[in-house]
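Q: Sharing a structure, written as structure tokens. Questions coming.
The values are calculated or read from the model by the stated rules, or taken from the named source; none is laboratory data. Bear in mind that the values here come from a model prediction, so they are computed numbers and not experimental data. Ideal geometry is used to build each Cβ from the backbone, glycine not excepted, and the neighbour counts take in all protein chains shown. When the accessible area is computed, the model is the full protein with side chains, heavy atoms only, and any ligands, DNA or RNA have been set aside. Shrake-Rupley method; radii C 1.70, N 1.55, O 1.52, S 1.80 Å.
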Amino acid sequence: MSNIVAANKKFALIGAGGYVAPKHMKAIKDTGNNLVAASDSSDSVGILDSFSFDVDFFTEFERFDRHAEKLKRLGEDRRIHYVSICSPNYLHDAHIRFALRIGADAICEKPLVLNPWNLDALADIENETGRNIYNILQLRVHPAIIFLKERIEKTPGSEKHDIILTYITSRGKWYFHSWKGDIIKSGGIATNIGIHFFDMLMWIFGDVIHQEVHFANEKKMAGFMELKKANVRWFLSADRNDLPKAVKAEGKTTFRSITVDEEEIEFSGGFTDLHTLVYQDIMSGGGFGIEAARPSIKLVHEIRNAEMVENKTNYHPFLKEE
């Protein structure tokens, strides 16, 4: 990635009250750019003051839309150059379209869209407007993950690696009453908390040859996928009862583990500035576009529409314990 960063660009942000929004605000500031407008249906967005006291804020998207259009008419010195999208998953498609319509590039949280066919329509809009759509695939810039990819690429032979992916992130009752607990709005567990890991694994180990789902409910999912260079057993959960006893004993609420051929890949640290690294890449002419996002969106769409199968040979260890 280049260290040359184009600074002093004007940003708008949609979804300022969300969990991930502060990471985008920090990335905008860290790359020398300015957040000039923000929108959220909630007015509990005091976090904005940590970055600027001059952000125009709107709770009604229609007023935010008019404001952005007005800035566009005022010319290059006033227009919004980028729109950071941190809204609920099911609104990403509409908000990306909004960004391109006002002459801005879109930087969107995962997943870019919920359905693979929406990507083709967005690609058409990119071509029509000449603007760009970027996805936050931050694990691709994590130093430990980059090192793993380089190591796998240097490994000779066609033997498949054995991978166990486990991600448990404790969520309270609120989570399942919010849009995140609605599979139509979020895409479910595999989309909402798993897509970054699936993207990262395909980025390193190649395309999906076969996949199967072994367990699925609103709180957790488990399954298996055969990639070009790896067999992956995966377990995703938002239920704190799935945490290993040792993790609970330490008072921790999250457990994240990836083993490759029984070797633990340590990447629990280094998450603080990943959004900033992605923004730097975009500002310097890189970034992860529609085609980078396509494989993982296709996979999670297949997973959430798959019938559960019983294949204990490929069960994740945590599923075997149940």
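Q: Which of the peptides 238-245, 90-97, 305-312 is most tightly packed, and how do the rest follow, judged by the mean count of other Cβ atoms within 10 Å per residue?
A: 90-97, 238-245, 305-312
Q: LYS173 to ASP261: extension gain in nm, 0.36 nm per residue of separation minus the Cα-Cα distance?
A: The span from LYS173 to ASP261 would gain 28.1 nm if fully extended.
Q: Another question, then. Give me the one-decimal Kirkwood hydrodynamic radius in Å for the range 169-258, with the sum taken over alpha-carbon pairs.
A: It works out to 14.1 Å.
Q: Hey, another quick one. Treating the angle as unsigned and between 0 and 90°, give the value, to the nearest 10°, between the Cα long axis of helix 61-73 and the longest Cα principal axis of the chain.
A: Orientation of helix 61-73: about 60 degrees from the principal axis.
Q: What is the percent carbon and sulfur in the accessible area of the range 178-299, measuring with a 1.4 Å probe over the protein chains and ignoring ligands? Let's see the in-between values first.
A: Values: 2550 of 5100 Å².
Of the solvent-accessible surface of the range 178-299, carbon and sulfur hold 50 percent.
Q: In addition: Around ILE80, which amide H atoms from residues at least 5 apart in sequence, or from another chain, sit under 5 Å from its own amide H, with H modelled in the peptide plane?
A: Close amide H contacts, sequence-distant or interchain: LYS72.
Q: Can you show me the helix-derived [θ] at 222 nm for the chain, built from DSSP H runs with n ≥ 4 at -39,500 (n - 2.57) apiece and divided by the number of residues, rounded to the nearest 500.
A: Taking each H run of at least 4 residues, the total per residue is -10500 deg cm²/dmol.
Q: Take every Cα-Cα distance within the range 42-134, group them into 5 Å bins from 0 onward, and report for each bin the whole-number percent of pairs it holds.
A: Taking all Cα pairs of the range 42-134, the binned fractions are 2, 13, 21, 24, 21, 12, 6, 2, 0 percent.
Q: Quick one: angle between helix 195-205 and the longest Cα principal axis of the chain, in degrees between 0 and 90, rounded to 10, please.
A: Value to nearest ten degrees: 70.
Q: Using a 1.4 angstrom probe, figure out how much accessible area the chain has per residue, in square angstrom, rounded to the nearest whole.
A: Averaged over the residues of the chain, the accessible area is 47 Å².
Q: Also: Can you tell me the order of 166-178, 222-234, 108-120 when each peptide is scored by its average per-residue count of other Cβ atoms within 10 angstrom, highest first? Kindly include the intermediate steps, with their values, before the conclusion.
A: Details: 166-178: 15.5, 222-234: 21.5, 108-120: 19.7.
Ranked by mean Cβ neighbours within 10 Å, highest first: 222-234, 108-120, 166-178.
Q: Starting from a Cα-only point model with no solvent, please compute log10 I(q)/I(0) by Debye for the range 20-81 at q = 0.24 1/Å.
A: Listed by q, the Debye log ratios stand at -1.12.
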